[in-house]
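First up is the structure itself, then whatever we jot down about it.
Coordinate-derived values only; no laboratory data. Quick caveat, the model's predicted, so the values are computed rather than measured. Heads up, the Cβs are rebuilt from the backbone with ideal geometry, glycines too, and the neighbour counts pull from every protein chain shown.
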């Protein structure tokens, strides 16, 4: 598989996941912002920006609000951390590899991209939920099509690794917002909903009131596909299947998985901050190692030319 | 219910569907009858469906930085079996003559010694590349893919308007148009025997494999694209997908010791045949434009060393210069000892002083074309031009007679084309595609029919507001025999079924950007023949 | 004295050894370097190549081919990072005296434009009659030229052009670069052999005589005996067509002969660049060139 294509697939996986996860987070936050008048809108928005690593270019002292959040994190096509931006980036990557992914998967990405401006307009009239839902559904459709129409070759592996690492990163970001800035952070149920985990969590653990149970579930549940440990296991398996390479990325991912797997029950609560930090850093390192091992190609920015 | 053909007014040009008002030609009877069954509303609905299908699939071309679908008209262009036979023979003959000419120009130069073509015509052409001298194609083929542009004159005869043997594009529209038409009008096909077009990728792959260096048993074929920003990117991706080969960019390849390798996740892998969709000027920064970052340095010497085949060969532009065009009938006689099956449009060469004077005096009655213009760029249609344009033209042509040819204006034939609520005549041309595998030249039954969507317009290029039509070649009586015994088929080659086929935690990571490359990917398409 | 009077009337041949060393020191690491050298003397009736060798450091696998102009090209690539490139081209050739040394040469001096006209009309010499970027003259210079060569036959015209350039231009190493055009050099009244040749080509073509650029080496000493070695240089001069190709060396105002070693021909400098290459890495570098010539016999 061409290194350039492998890299594009890796990022395609990441960006679709990012669009999906960001849409989920926005959805959960918007519910709270718009439905609960007691919420400190400015503080909640600031937390949200922090989670997604976006720094709004607002004048000092300006107050953040839900409309600004949707513009910046929902509709901005130039920012790959926004829902629309991530989708555009995914589609850009897919365009360069459209002969490798299946036609149906490509058409799904492309048709969605064409539909985004219309959906945004509609969101202006009927609120952001339909827009966010549209993106979530299209992301699900893409994943389903990829799952059912792509061979399980190296291309598939890179796509899945990208998706899994992004999922780990996003969940870790979500949790650290709660743990680090708990005062302005959403309550646990909002958080679970943002991760798509509220119902599975309830089914697995009942109506337990233990706040840590949510964190534990999002990190450690082996059966829930959006949990961190599950995503890590998937990424690890894919990396193991890939031929060649010194496997340093596999080591990074394996280290994160074992860290969680052998986490001590007793100290879990106090160690949580460390775990989350390690996860986010681990994702960065693993990505760098994957690039070093598999994406070794470069676009010459300029050939130096001489005649003597 | 109003008949959608009611107000169809025949002009002076040959009309493809009607020989007289209300009298469709035999080949069109079934189509005409089928279309009659629709009312304008239904047709509009289908037109929208078609546009939507193209957009969703990404069948677009880049224009002014925007992705636009290449509009597909609802009315197919139908070519009867007998007529197609003529085109098929004519195109094959033309491609063989172009091949022979290129082999001669980059080899023994007999046509110069025998005074068929003045050497100066080739030496001063921008498509003649001295750097390609001495590169011997393995199977003798330089023009693996050709697109020969034909128009139908007032008298109904097909004539060659120009040859495209550098990087002819547009075949993806032929394949996509058929795909969409069979879905949009399944009924239309039921009553006709339309020859299929989906053989093309297999034929192309076969020709590319046949071009591979001899020592390689199972050659690796790739499609080389300038990148996603190129106007024909969709076509590059489609062909790679349909042939089941890698679509690569220049940065995926590199040369080492005169071998071309590609960078894969499992290390370096050799490449043997490169179907390149990059212009000569950009393909090798060592020999051509040093600032090209979409090419592969060293690739030309790898071809010279015979370890890789470049298709089409570098330097084919020596043959599709519009001034060389005027010599093609002579070259057909010279190399093949045959009379041309398809005639040229009458063309004036301007190097002769008297001829130049005549042309300058008659600019208003002629079509003037720059010899290396592409995509309809720079063409001045005398009868339609204003005084200022002609004055301007006069200055330019007198300054550089070698840079221009003058042609009799051909009133391109018209075909009914759907316009909002009814059918109206619009001018069309035809670009058949030919694939040469070294043993035979195969012409795709169909080709790209381009239509000038503006009323009265004669320039059909996509960059100038053109659209396209699905092109149907009707199977003749011989097509039956063909299926049984392909060897006996007269002049047509239907498929025989035997083809072998930020790193801070707070920051977000971002994937690769295309910034620097994008500009060149677009830039080089300016020079490329569009469609 | 006419330039057609040969410097050496012995009619014997010389044997010359040439050692051309180019060292490029880049201002940083460089990789993916692709190069072409045009440094191997031609093997023709007038010049016999006895041996030739190209060595490259860091070690590379050179490959050879003959280009469109008949010049022998050495190509090589270097993938690994390196900070300097050394190219050493060595050869031994036998040179002949100027064509005019032949007693029969006087016949060739018959001044005739007919042969030229016929050949130009056929289009065969189109490459050597059209001006190029580096050989184009200003209209004023063309006018002045016409006055100077008016009424002269082709050989005489060539001789006058050669003398005029030699007189008007000062040979100043470093005054111009490889990208300077003949026109620019003429305006500054100074240049190197490349510029002298470009101006001569421009003038010959403007006067209706097909002309081409010659790249090669010059043994600088007029008087020498076998065994003498000296520092020489890459050189360039001009050939014009008048029934056959004849040389003029405007830098030295002579007809090329025993001291001139031909490497290749072209329309202008760009067709016979001694070293051209592209690479990734440091844009700047320091170039050191030394050419050593030894008269062996």
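Where a ≥ b ≥ c are the square roots of the eigenvalues of the C-alpha gyration tensor, would you call the stretch B:347-409 rounded, which needs a/c under 1.5, or, failing that, prolate if a/b is larger than b/c, or oblate? Verdict is rounded for the stretch B:347-409.
In this simple spin-label model, placing a label point 7 Å from the Cα along the Cα-to-Cβ direction at both residue B:259 and residue B:386 gives a separation of 6.3 nm.
By DSSP, what percent of the beta bridges with both residues in the stretch B:347-409 are antiparallel, rounded to the nearest 5? Write down the numbers at each step before the final one.
Numbers: 9 of 9 bridges.
Percent antiparallel among DSSP bridges in the stretch B:347-409 is about 100.
Averaged across B:120-133, how many Cβ atoms of other chains sit within 10 Å of each residue's Cβ atom? Mind dumping the intermediate values first?
Values: counts 10, 2, 2, 9, 4, 0, 0, 0, 0, 1, 7, 2, 1, 5.
So the per-residue partner count for this stretch is 3.
Computed over the stretch A:1-109, relative contact order equals 35 percent, with contacts defined as Cα pairs under 8 Å that lie 6+ residues apart. Over all Cα atoms in chain B, the spread is summed up by Rg and Dmax: 23.4, 76 Å.
Once you order the gyration tensor axes a ≥ b ≥ c over the Cα atoms, which shape class does the stretch A:3-294 get: rounded for a/c under 1.5, otherwise prolate or oblate by comparing a/b with b/c?
Values: a/c = 1.71, a/b = 1.10, b/c = 1.56.
Oblate is the answer for the stretch A:3-294, as a/c is 1.5 or above yet b/c matches or exceeds a/b.
Measuring r between the beta carbons of residue A:281 and residue A:122 and using R0 = 56 Å, the FRET efficiency lands at 0.90. Our note on the geometry: Cα centres of the stretch A:77-156 and the stretch C:169-223, 63 Å apart. When chain C is treated as a Gaussian network with alpha carbon springs shorter than 10 Å, the biggest mean-square fluctuation among C:259, C:140, C:148 belongs to C:140.
Antiparallel versus total DSSP beta bridges in chain B: what percent is that, nearest 5?
Values: 49 of 67 bridges.
Taking every DSSP beta bridge with both residues in chain B, the antiparallel ones total about 75 percent.
Between helix C:193-206 and chain C there is an angle of about 40 degrees, using the helix long axis and the longest principal axis of the Cα atoms. Among B:468, C:181, B:19, sorting on how many other beta-carbon atoms sit within 10 Å of each Cβ, with the fewest leading, yields B:19, C:181, B:468.
Full extension of the chain between residue B:191 and residue B:394 gives 67.8 nm of extra length, using 0.36 nm per residue less the Cα-Cα distance. In degrees from 0 to 90, rounded to the nearest 10, what is the angle of the helix C:139-149 Cα long axis to the longest principal axis of chain C? With rounding to tens, the tilt is 50 degrees. A Förster radius of 22 Å, combined with the Cβ-Cβ distance separating residue B:269 from residue C:61, puts the computed FRET efficiency at roughly 0.60.
Binning the C-alpha pair distances of the protein assembly as shown at 10 Å intervals from 0 yields a P(r) profile of 2, 9, 15, 18, 17, 15, 12, 8, 4, 1, 0, 0 %, listed from the shortest bin outward.
Per the helix-only calculation at 222 nm, which mean residue ellipticity applies to the protein assembly as shown, given -39500 (n - 2.57) for every DSSP H run of n ≥ 4 and division by its residues, nearest 500 deg cm²/dmol?
Details: 37 runs with 445 residues, N = 1136.
About -12000 deg cm²/dmol.
Inter-label distance, residue A:305 to residue C:121: 4.0 nm, where each label sits 7 Å from its Cα along the C-beta direction.
Note: relative contact order over chain C, using C-alpha pairs below 8 Å and six or more positions apart, is 30 percent.
Order these peptides, A:215-226, B:209-220, by their mean beta-carbon neighbour count within 10 angstrom, highest first. Each step should come with its number before you reach the end.
Working: A:215-226: 17.9, B:209-220: 15.8.
Taking the mean over residues of other Cβ atoms within 10 Å, the ranking is A:215-226, B:209-220.
Return the single residue from A:99, A:293, A:261 with maximal mean-square fluctuation; model: Gaussian network over chain A, springs between Cα atoms under 10 Å. Judging by the Gaussian network model, the answer is A:99.
Pairs of Cα atoms nearer than 8 Å and 6+ residues apart set the relative contact order; for the stretch C:163-297 it is 26 percent.
Over the residues of the stretch C:96-272, compute the C-alpha Rg and express it relative to 2.2 N^0.38 Å. Don't skip to the answer; put the middle values down first.
On the way: Rg = 15.7 Å, N = 177, 2.2 N^0.38 = 15.7 Å.
Here the answer is 1.00, to two decimals.
Springs between Cα atoms under 10 Å define the GNM used for chain A, and in it the highest mean-square fluctuation of A:48, A:73, A:145 occurs at A:145. The mean number of Cβ atoms from other chains found within 10 Å of a Cβ in peptide C:125-135 is 2, as a whole number.
Which percent, to the nearest 5, of DSSP beta bridges fully inside the protein assembly as shown are antiparallel? Approximately 85 percent, going by the DSSP bridge assignments.
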